[in-house]
Each structure stands twice: as structure tokens, then as C-alpha cells.
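Peer 1: Got a structure here, written out as C-alpha cells. Questions coming.
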Amino acid sequence: MKKTLRISAAFLVMIFLNSCLATHTGYMNSSASLSSPNFTYVSRDIRGSASATYILGIGGLAKSDLIDDAKENMLYRNPLKPNQAIANVTVSFKNSTIFYIYGSRTCTITADIVEFK
């Protein structure tokens, strides 16, 4: 009986300590060719984000949909004018889980706006 109680207590402690988790991942991509000095920076570090919530692993959006929503949010808040393009695009993800029941994923896109001469 005592051994079963100890194993159960150890298992509960292990689940409790491992149940809250946050991870960060991302990558960098460029959409404009900045190989020659024919541009100027208009804005730096513009941002857009999108989030999805998961209950028991069900719900939310696919990864590509989160990226599309975050990019749309970024461009809505910072519309491009003629001869402008986004450059130095960084896509970051934050995944959070609480007790393996509730989870969330947030996609954040940062970029620079350049204007070509």
C-alpha cells in the first residue's frame, strides 16, 4: 500500500512539474532583394500577430493559417505605399501548455519596410 502511494505521489509530482510548458521557435526570411544600395528604410520592426487556442489538443488554426493571419495583421497596421516592400521578415512561434488541457499558439511576424528609389 505504501509503495503504491509513493509511486502515485511521484507520478502526480512529475505531471505537475511537467504540465506547464512554453517553447519558442522561428525562422527568418526576406521578401525583397537588398543587394544594391537603391533603397531606404521607412520603418523598422513592424509587427503583426495571431493566436489560436486548443482544448485537449482540439481547436485553433493550422500553422500556415496563423502565419497568414499574422502577416495580414502586420500589413493592415502598416500598409505599403508604391515602391515599398517588406524585408528581413522574421516569423516566431510561442507554444504554451497548461496541465495538458489548455494550450495556445501565438505567431508573431516582424519585418522592415524599405522603399526603393
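Peer 1: Could you compute the FRET efficiency for Glu115 and Asp68, with r as their C-beta to C-beta distance and R0 at 25 Å, rounded to 0.05?
Peer 2: Details: r = 25 Å, r/R0 = 0.98.
My answer for the efficiency is 0.55.
Peer 1: While we're looking at this one, here's another question. Using only Cα atoms and rounding to the nearest 10 degrees, what angle (0 to 90) does helix 63-77 make with the longest principal axis of the chain?
Peer 2: Once rounded, the angle reads 50 degrees.
Peer 1: With runs of 4+ DSSP H residues as the only contributors, calculate the mean residue ellipticity of the chain at 222 nm using -39,500 (n - 2.57) per run, divided by the residue total and rounded to the nearest 500. Mind showing how you got there, number by number?
Peer 2: Working: 2 runs with 32 residues, N = 117.
After summing the helix terms and dividing by residue count, I get -9000 deg cm²/dmol.
Peer 1: Please compute the length gained on full extension between Ser96 and Ile7, using 0.36 nm multiplied by the number of residues separating them and subtracting their Cα-Cα distance. Numbers along the way, then the final one.
Peer 2: Details: separation 89, 0.36 × 89 = 32.04 nm, distance 2.77 nm.
Using 0.36 nm per residue and subtracting the Cα-Cα distance, I get 29.3 nm.
Peer 1: Just how far, in whole angstrom, is region 23-67 from region 102-117 if you go by their alpha carbon centroids?
Peer 2: 4 Å
Peer 1: Could you work out the pair-distance distribution P(r) of the chain from its alpha-carbon pairs, with 10 angstrom bin width and percents rounded to whole numbers?
Peer 2: 13, 31, 22, 15, 10, 5, 3, 1
Peer 1: Now for a separate question. Could you order peptides 85-92, 53-60, 71-78, 107-114 by the average number of other Cβ atoms within 10 Å of their residues, highest first?
Peer 2: In decreasing order of mean packing, 85-92, 53-60, 71-78, 107-114 become 107-114, 85-92, 71-78, 53-60.
Peer 1: What spacing in nm lies between the two simple spin-label points modelled at Ile46 and Lys81, each 7 Å away from Cα in the Cβ direction?
Peer 2: Modelled inter-label distance: 1.1 nm.
Taken together, the values in this text are just the output of simple stated rules run on the coordinates, not laboratory data. Just so we're clear, the structure is a prediction, and the values are computed from it rather than from any experiment. Quick reminder, even Gly has a Cβ in these numbers, built from the backbone with ideal geometry, and neighbours come from all protein chains shown.
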